[in-house]
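The values are calculated or read from the model by the stated rules, or taken from the named source; none is laboratory data. Everything numeric here is computed off the predicted structure, so don't read it as measured data. All Cβ positions, even for glycine, are placed from backbone atoms using ideal geometry, and neighbour counts span all protein chains on display.
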Amino acid sequence: MTIERNVPLRPPKAPNLLVAPVDYRQQYQDQLNNALRLYFNQIDNFAQALYIPSSGTTANRPTDRVQIGQYYFDTDLGSTGLPIWYDGTNWIDATGTVV
């Protein structure tokens, strides 16, 4: 399988973690969990970009792990290809037409 890239990948950046207080505080735990959640979301997004092609033919459109709003440049559409987006059910073009 050939994967064509036309967008730069941004590697995840490790979060700045807070220094823990001596006594337990719920607020600190919530902030730590939030920082780690955001970091792991970055890692998930980066990893997904590595495995899901962002352009190709209609037959090679992604079918699994596709997220709502995901972009794909279909080289079979139009004379030179067209950008399309996933709406949760179908691939649509910029006018909202299912393609």
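Observations
- Filtering segment 56-78 to residues that are modelled with pLDDT under 90 and over 18 Å from Arg10 (Cβ atoms) leaves Pro62, Thr63, Asp64, Arg65, Val66, Ile68, Gly78.
- Looking only at residues in segment 59-99 that are part of a loop (DSSP other than H, G, I, E, B) and among the charged types (D, E, K, R), the one that is farthest from the chain's Cα centre (by Cα) is Asp76.
- Residue pairs meeting the criteria (Cβ under 6 Å; at least 6 apart or on separate chains; first more than 17 Å from Thr57 (Cβ to Cβ) and at pLDDT below 95, in segment 81-96; second among the β-branched types (Val, Ile, Thr) and assigned to a loop (DSSP other than H, G, I, E, B)): Gly88/Ile68
- Residue that is modelled with the lowest pLDDT, among those in segment 1-43 that are acidic (Asp, Glu) and surrounded by fewer than 11 Cβ atoms within 10 Å (Cβ to Cβ): Asp23
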